[in-house]
Amino acid sequence: MNIAKLGLMLMMLVGGVSFANAQEENPEKVSIDPVTIAAGDEMELTINYESSVERSGFQMNILLPDGLTFVKQEGLDEDEEPITFYATKGTSLKASHVFDVTYKSANELLIIVYNMDIKSLKSPGSLLSFKVKADETLAEASQIVLKDVMFNGGQYFDVKVDVTKGTSTGINEAKAEEADNAPVFNLGGQRASKNGKAIVVKKGKKYVQAR
């Protein structure tokens with residue numbers, strides 16, 4: 001597929017294309033809580049959603065400022081095969097929603113969500129979550145921009161989220177060390193070795209152990 005993602009999936013299955021008028025208020029409320037993050041830290045961010053009208057799909061570009069990058073995550077698919085991903089479905093999406101995430105750069109993701117049966121997103125809820133990591137080049141004050149947000153049948157609009165550079169507390173490093181030292185178990189619930197390739201359970205979650 002491509003050709004501009006097949007017309008952005010036919011504008012999320014025949015959604016209208018219009019541009020927001022500064023004097024009109026969008027029925028969709030899209031937001032991320034203000035972000036404070038220190039250099040070297042990772043943080044999971046959630047895009048919240050609420051709407052007074054029913055929508056079945058949406059698109060947006062997520063643009064990070066210099067000094068913030070998307071974190072590639074690892075997990076298992078429904079067949080317990082290893083996968084990598086940059087974003088996860090939110091609570092507003094139903095199982096039948098197609099969730100298409102395109103990694104454009106370390107600072108930009110393109111998200112397209114649609115439903116072949118035109119089933120509505122659940123409101124209130126969340127659209128998706130993603131992880132970011134900060135480095136020393138992050139400015140004291142910057143912004144994450146959700147660019148060209150558009151719900152099928154709706155209008156294009158942008159959302160800006162304030163980002164503040166914080167001071168590292170060392171908590172993340174301590175949690176990471178604690179996680180590394182946590183025991184692992186095989187799928188039968190028995191204590192397993194931390195060496196060798198296998199699917200293991202650590203702190204209640206499945207992982208692919210590759211060492």
Exercise. Compute, for Ile144, the solvent-accessible surface of its heavy atoms (probe 1.4 Å) with the complete set of protein chains present, and express it in square angstrom to the nearest 10.
Key: 0 Å²
Quiz item: Using a 1.4 angstrom probe and counting only protein chains, how large is the accessible area of Leu76 in Å², to 10?
Solution: 40 Å²
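Quick one: if the Förster radius is 45 Å, what FRET efficiency do Glu50 and Glu140 give, using the C-beta to C-beta distance and rounding to 0.05?
Numbers: r = 31 Å, r/R0 = 0.69.
FRET efficiency, Glu50 to Glu140: 0.90.
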Self-check item: Length added when fully stretched, Lys122-Asn186, from 0.36 nm per residue minus Cα-Cα
Solution: 19.4 nm
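Could you give the length gained by full extension between Glu78 and Lys160, i.e. 0.36 nm per residue of separation minus their alpha carbon distance, to one decimal place? Mind showing how you got there, number by number?
Numbers: separation 82, 0.36 × 82 = 29.52 nm, distance 3.44 nm.
Length difference between fully extended and current span is 26.1 nm.
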Quiz prompt | Spin-label pair Ser129/Ala95, simplified geometry with 7 Å Cα→Cβ offset, distance in nm | solution = 2.0 nm
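How do Asp148, Asp100 stack up against each other in accessible area, from largest to smallest, with a 1.4 angstrom probe?
Details: Asp148 60, Asp100 35 Å².
Correct descending sequence by accessible area is Asp148, Asp100.
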Quiz item: Hey, rough spin-label estimate for Val71 and Thr36, points 7 angstrom out along Cα→Cβ, what's it come to in nanometres?
Solution: 1.9 nm
Quiz item: How much accessible area per residue does segment 83-170 have, in Å², with a 1.4 Å probe?
Solution: 46 Å²
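The values are calculated or read from the model by the stated rules, or taken from the named source; none is laboratory data. Since the model is a prediction, treat every value here as computed from it, not as a measurement. For neighbour counting, all protein chains shown are included, and Cβ atoms are generated from backbone atoms with ideal geometry for every residue, glycine included. When the accessible area is computed, the model is the full protein with side chains, heavy atoms only, and any ligands, DNA or RNA have been set aside. Shrake-Rupley method; radii C 1.70, N 1.55, O 1.52, S 1.80 Å.
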